[in-house]
Structure formats: structure tokens, C-alpha cells
Amino acid sequence: MTRKHDDRVRPAPAGTRKRNQRSRPASVGLHAALAVAAVVAVFPPLWLLITSFKPRNDAFSTGIVTHFTFANYTHVLADTEFLTWFKNSVVVVGLTTVLGVFIAATTGYAVSRFRFPGMRPLMWLLLITQMFPVAVLIVPLYNLMATLGLLNQPAGLVITYLTIAVPFCAWMMKGFFDTIPVEIDESGRVDGLNPFGTFWRLVLPLARPGLAVTGFYTFVTAWAEVAYASAFMTGEENLTLAGGLQTFVNQYTNDWGSMTAAAVIIAVPAALVFAFAQRHLVAGLTAGTTKG
């Protein structure tokens, strides 16, 4: 008489856990660590926002707003050159973003699709340029801009910001173009398109996530940069927002209320750009780092 095998799934003994299931203390510790990290990340901008609505005399008080006021915002917008700084920043950042995305995309596509003499040194050059800190490059770039007559000129800042953003973005775009099938390029050539036509009409529309990441990175690089903007631009009428912020708190003045209000206003465009590009950021960063 043979014994029949019982194929039924037997329930796990009480008190046992599945292989990937966390214990209750581990889960509590993980959530507590995430909560602390969230508080640490949110507290500085939140406190900046709160301080911007305080009177100047209460800027260093540790309490919440007791006398809510828009005086800091009114002073920044009406009594300073903030709108001029904003216009200068929009011009510089707009040109940097458009040119940076175009140069990074074309460079990344060329390195991804073509083999030409000097390609490997070019790739190494794109990486090596990221190794130099900003402080080391200020003096040589300042001398170069002075020689070319580009100090106190938006074009000087645009060129400088492109030297920061383009190498990283070109490397990232190269990794993204590597994920697009080469057969698309071949079909374009069969249809009579030249290499640039294939890039512009067929490949570039498929690279929207990568372009979104490139545009966002270039925008943030130019919008938030301080060192070059302070060194290359003088005179309040020529300053960008990053340089203008330093006029509120320096060795002569100490207007923290105006500085926090200006910082909040400056953060709004960056938040809007991030909200517009966020759906493409994860896909673009993942594709750019997988095969880069």
C-alpha cells in the first residue's frame, strides 16, 4: 500500500517570518529614521519661509511668527534692484539652458553613434573637467573673460556655466542615446535623412526624458550658482539673483528678513521647473547612468 503525497501548502508555524519580511522593531526603526531624515531635509526651507514673514527685529527669534507681515517682500520688490537681478538671471539662465541642452545632446549623440579619431580622449576630457573645484577655476576663467572683454556681460556667465553643465550632461546623454536602438538611425538613412536629420527628427523625440534631466540640471546650475556670478559681475545693475542676495547680508548690512524673502521668491521658479520636469527625471537619470 503506497502512501499518497500531500501536496497541500501547509501554513507556516506561528511566529515565523517570510524571508523578506522585516521584524516589527526593524520596521519601527526604519520608519523612525525616515521621519528624522524628512524633518532634517524640510526644516531649513521651512524655517526660511517662516523667517521671511517676520519683522526685521524678530528675524533671530526662535518662535513662530507672532507679527505676520509682508514688509520684507514689499521691500525686496519695491525698494531694491531685485527685478533687475531677476531679469538678468532669466536672460543668463535661458541662454545657458537652451545652448547647454543643444550642445550636450549633439555631443552625446555623436559619441554614442559615431567612431572618430579622438573620441576616447574626448570622453576622458568630459570626465576630467568635473574633477576641478569651482574655486580653482575662478582665477583662470576671470583672466580669460577679462582678455575677451566679457566681464560684466551676460555672455561671459553663459560661457562659464556651459563649461560646468555641458561635460556632465553630454556624458549622461551619451548613456541615454545608447539605450535607443541603432535600427532607428538606419531606418532614417534608408529614408534619405542625413545624420543630423536622423538625430533631429527621429532620435531626439525619443530622448525627451534625457533632455528633461539635462535641461533641469543646466537650469539649476545657472540659477543657483554664486561664485562665478559674484566674481564676474559687479554693479547692482549687472548682478544676477545669486549675486544680489549677497547685498542684503554682508560686512556693511545685516538684513536677514529681506534675504529670506528674496530667497523664497528665487526658489519659486526652480520649484516650477522641477514640477514640470519631474515625470521625466527618474527615467532620464536611470537611463543615463545604466549604460554611461
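A short reminder: the numbers here are calculations on the coordinates, not readings from a lab. All of these numbers come straight from a predicted model, not from anything done at the bench. With ideal geometry, Cβ positions are generated from the backbone for all residues, glycine too; neighbour counts draw on all protein chains shown.
Any chance you could run the full-extension gain for Thr163 through Phe68? It's 0.36 nm times the residue separation minus the Cα-Cα distance, nm to one decimal.
Gain in length upon complete extension: 29.9 nm.
Between region 220-235 and region 28-100, how far is it from one alpha carbon centroid to the other, in angstrom?
18
Please identify every one of the chymotrypsin sites (Phe, Trp or Tyr not before Pro) in region 28-112 that sits in a loop by DSSP and has no more than 12 other beta carbons within 10 Å of its own beta carbon.
Working: sites: Trp47, Phe53, Phe60, Phe68, Phe70, Tyr73, Phe82, Trp85, Phe86, Phe102, Tyr109; in loops: Phe53, Phe60, Phe68, Phe70.
Taking region 28-112 and a limit of 12 other Cβ atoms within 10 Å, the loop chymotrypsin sites (Phe, Trp or Tyr not before Pro) found are Phe60, Phe68, Phe70.
Before anything else, pin down the relative contact order of region 159-292: Cα pairs under 8 Å, at least 6 apart, normalised by residue count, whole percent.
40
Please work out which option in [x] 20.4, 71; [y] 18.2, 56; [z] 26.3, 101 gives Rg and Dmax of the Cα atoms in Å calculated from these coordinates, and answer with its label.
[z]
What FRET efficiency comes out for the pair Trp47/Asp79, r = Cβ-Cβ distance, R0 = 35 Å, nearest 0.05?
E(calc), rounded to 0.05, equals 0.90.
I want to check the label-to-label distance for Thr129 and Glu236. Put each point 7 Å from Cα in the C-beta direction and report it in nm to one decimal.
3.6
If you scale each eigenvalue of the Cα gyration tensor by 5 and take the root, what three semi-axes come out for region 183-222, rounded to whole angstrom and sorted largest first?
28, 9, 5
Sorted by packing (mean other beta-carbon atoms within 10 Å per residue), highest first, where do 226-238, 266-278 land?
226-238, 266-278
Toward the positive end of the charge dipole of the chain, about the Cα centre and with charges on Cβ (Lys, Arg +1; Asp, Glu -1), which of Ala146, Val203, Asn238 goes farthest?
Value: Val203.
Report the FRET efficiency, 1/(1 + (r/R0)^6), for Ala270 and Leu202, where r is their Cβ-Cβ distance and R0 is 30 Å, rounded to 0.05.
After rounding, the FRET efficiency stands at 0.40.
Starting from the alpha-carbon convex hull of region 132-283, give the projected area averaged over all orientations, in nm².
The Cα convex hull of region 132-283, projected and averaged over all directions, gives 12.0 nm².
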